[in-house]
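Encoded as structure tokens, the structure appears first; notes follow it.
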Amino acid sequence: MRRAEHPRATLSPAPAPAPPPVEARPLDPAGLEREAGVARLFELHYSSMLRLAVLLGADDPENVVAEAYYQIYRRWRRLRDVAAAEAFLRSTVCDLSRLRTRQAARREQPPGPSDETVASAENTALLRDDQRVLIGALQHLPARQREALVLRHWLGLKESEIAAAMGITRGSVKTHTSRGIAALTQAMEARR
């Protein structure tokens with residue numbers, strides 16, 4: 001008598017099923033809101049944030065602004081008020097510009113042929129002579145004075161907004177602004 005073979009013994013192993021096609025998962029509503037909010041913020045304020053970084057003396061303003069947008073993207077869900085996103089972005093640009101300026105000052109730089117900062121062709125073409133003189137004088141101010149003046153006179157912020165952006169008190173804003181104006185006035189008169 002023949003022994004019946006076990007059905008499993010005669011079958012070859014079944015091939016593994018193909019993985020389901022990988023599709024991009026749709027973002028959740030909060031993720032879509034964040035994407036749209038940051039994109040809108042970028043459209044509205046990228047140019048002004050780039051100019052702010054340049055005026056604050058950042059040696060790599062494009063990277064400063066890109067980092068600021070990355071920071072706000074990461075923290076979007078924790079923003080208490082989405083309307084305050086512009087203020088957060090401005091504050092981040094100020095902080096990063098200050099940090100980069102400090103880092104650049106700490107690094108040892110080999111002596112170069114010139115101590116002048118070379119502006120991009122776009123910036124140079126856009127600036128008139130008087131603006132170039134003013135920005136040159138502005139670049140020689142201490143960082144806090146320059147920051148206070150740019151935020152006050154270029155962006156037109158109130159003292160409370162400047163204090164929030166710089167992380168200092170309103171009294172310190174007044175001090176930095178008045179000292180900056182005095183130093184800038186003296187520098188501009190000396191050049192004329």
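The values are calculated or read from the model by the stated rules, or taken from the named source; none is laboratory data. All values derive from a computational prediction rather than experimental measurement. Every residue, glycine among them, receives a Cβ derived from its backbone with ideal geometry; neighbour counts consider all protein chains shown. With ligands, DNA and RNA removed, areas are computed over all heavy atoms of the protein, side chains included. Shrake-Rupley method; radii C 1.70, N 1.55, O 1.52, S 1.80 Å.
General observations
Rundown of residues vs (1) modelled with pLDDT of 65 or more; (2) within 26 Å of ALA187 (Cβ to Cβ); (3) surrounded by 10 or more Cβ atoms within 10 Å (Cβ to Cβ), yes/no style:
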site	(1), (2), (3)
ARG78	yes, no, no
PHE88	yes, no, yes
GLN103	yes, yes, yes
PRO111	no, yes, no
ARG128	yes, yes, no
ILE135	yes, yes, yes
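- Residues that are under 26 Å from the mean Cα position of the chain (by Cα) and among the acidic types (Asp, Glu) were ranked within segment 151-192; the one that is most open to solvent (accessible area, probe 1.4 Å) is GLU161.
- Residues in segment 143-160 that are more than 15 Å from LEU52 (Cα to Cα) and in contact with a helix residue (DSSP H, G or I) (Cβ under 8 Å, 6 or more places away or on another chain): GLU159, SER160.
- Taken over segment 144-165, the criterion of being closer than 21 Å to ALA68 by Cα and not in a helix (DSSP H, G or I) is satisfied by LEU155, GLY156, LEU157.
- The condition of being surrounded by fewer than 13 Cβ atoms within 10 Å (Cβ to Cβ) and either of a type in the set (A, V, I, L, M) or at pLDDT 60 or above (or both) holds for only one of ALA66, ALA58, ALA53, ALA16, that being ALA16.
- Listed by first and then second residue, the pairs with beta-carbon distance under 9 Å, at least 6 apart or on different chains, first residue in segment 28-47 and farther than 10 Å from TYR73 by Cβ, second among the β-branched types (Val, Ile, Thr), are GLU33/VAL82; TYR46/VAL65.
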